[in-house]
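Structure first, commentary second.
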Amino acid sequence: MNRKQRRADRKRGAAAPPAGGTESQYRRLLQSGDPLALHAFGVAAHRSGRNDIALETLTKAIALDGAVPEFHYNLGIVLKALDRLDEAEGSYRRAIALRPGYALAHNNLGNVLRAQGARAAARDCFVQALVARPDFAEAHYSLANLLLEEAPDVAAEHLAACLAIDPGDSLGAGLLLARLGAAPTPTQASAAHLEKTYAERSQSWDRDKGYRGHELVAQALRQAAGNSKLDILDAGCGTGLAGPLLRGLAKRLDGIDLSAAMLEQAGAKGVYDHLIKGELVSFLAENPARYEAIAAAAVLIHFGDLAPLFAAAGTALKPGGLFIFTLFPHEGESDFAVAADIELAKGGCFSHAPGYVARLAEAGGFVVESLERETHELDRSGAPVTGLIAILRRRTG
């Protein structure tokens, strides 16, 4: 295929081959002289979490045709995912050299520079991204993220701009605005934000050795259920981390999650009887007395106002049923707030007062059997993050 034909194909948008395939097919692709096919394969491999293959195929595509800015841009994404920041920086800079107004590359370069501690250079990159594309929501968010502590008023302006461009709030600007005191506290994180967040996390979630929410919930259910086998819903099941721990306690084990990427991995574990892609509160409300236990690890953290969820859980549980979940504790005067920890807030998390949980439980027909503080996970520095683990039981009369 000559260069002219490849350019024409790029304009039309060549279909990406699947990230799967046999080893022989993969090796034949590497030996081919088709940089477009190699690039498309590499992008698909990255999206499925196969960054080693993505790195190899994208590098080969660039060796065959190094004049395509998208090739360097996508290689930068893979290198950043592999934590090879210096090389990612170089790839983004090459993409920008080929296309100076490449807003996506300016934004991603800024995020790499920020991670390397070069804050002034990162700010320049975000500004350049917005010069090239003023309606670029992610660049507004990136600049706001950089300025949250040093210039909160300016950060709030960019978060508001981000939300105006992206009213579905796929980046979580609304929670950060509330954290800055520039907007009311939302009742929950947006569905778009959670889907985007967990689609990205699906590639690495099972490898996060610092996370313990699934273990806490499974241990609590084992403690409360004794030797009984139950019909269990793994609410917000994600990649199914809790599934193998819950399977031995279950007559039937269902899972529900918003993220298709997470559910795909949960299904591959082969421990669930049924998996549902859907919104949790409406699903619970539409399935009266279906379950004997609802286990929700790191799920209620994405709701501020817990009243609708408690009501729906009460509907879906049989009398005497167990509702077990984790939260982050809130020490302020309000019932709930956007998480004080900035990384948790960016992840769409709230914190809740233990007294608020107890009041809702009483009003919703639950008995609080336990509400204890435990280490829920470790942060990026390895420091423990405290969580609440709750065991509630629906009254029988």
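Taken together, the values in this text are just the output of simple stated rules run on the coordinates, not laboratory data. Owing to the predicted nature of the structure, the values given are computational and were not obtained by experimental measurement. Virtual Cβ from ideal backbone geometry, glycine too; neighbours counted across all protein chains shown.
At a glance:
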{"item": "Gain on full stretching of the segment that runs from A67 to R99 - 0.36 nm per residue minus C-alpha separation", "result": "10.5 nm"}
{"item": "Normalised contact order of the chain, rounded percent, pairs of Cα under 8 Å and 6 or more residues apart", "result": "10 percent"}
{"item": "Folded to 0 to 90 degrees: helix 119-132 orientation relative to the chain principal axis, Cα", "result": "70 degrees"}
{"item": "Computed over the chain, Kirkwood Rh from alpha-carbon pairs, angstrom", "result": "23.0 Å"}
{"item": "Hz values of 3J(HN,Hα) by residue in segment 244-249 - Karplus curve (6.51, -1.76, 1.60), Gly and Pro given as x", "result": "x, 6, 8, 4, x, 9"}
{"item": "Angle in degrees between helix 85-98 and the longest Cα principal axis of the chain, rounded to the nearest 10", "result": "50 degrees"}
{"item": "Length gained when the stretch V154-A182 is fully extended (0.36 nm per residue, less Cα-Cα span)", "result": "9.0 nm"}
{"item": "Entries in K60/K269; K196/K318; K277/K346; K229/K269; K251/K346; K209/K318 that, when Cα-Cα distance is taken, lie over 31 Å", "result": "K60/K269; K196/K318; K251/K346; K209/K318"}
{"item": "Mean-position separation - Cα centroids, segment 112-158 and segment 222-245, in angstrom", "result": "42 Å"}
{"item": "Projected label distance in nm at A121 and R252, using a 7 Å step from Cα toward the beta-carbon", "result": "5.8 nm"}
{"item": "Globularity ratio of segment 201-394, using Cα Rg and 2.2 N^0.38 Å", "result": "0.94"}
{"item": "Shape category assigned to segment 69-219 from the gyration tensor of Cα positions, a/c cut at 1.5", "result": "oblate"}
{"item": "Cα centroid of segment 309-374 to Cα centroid of segment 273-291, whole Å", "result": "19 Å"}
{"item": "Summed side-chain charge close to A199 - residues other than A199 whose Cβ falls under 13 Å, Lys, Arg +1, Asp, Glu -1", "result": "0"}
{"item": "Label-point separation in nm, E362 to S381, each point 7 Å along Cα→Cβ", "result": "3.8 nm"}
{"item": "Ordering of 369-380, 231-242, 131-142, 81-92 by burial proxy (mean other Cβ atoms within 10 Å per residue, highest first)", "result": "231-242, 131-142, 81-92, 369-380"}
{"item": "Calculated [θ] (222 nm, deg cm²/dmol) that DSSP helices of n ≥ 4 give over the chain, each run adding -39,500 (n - 2.57)", "result": "-15000 deg cm²/dmol"}
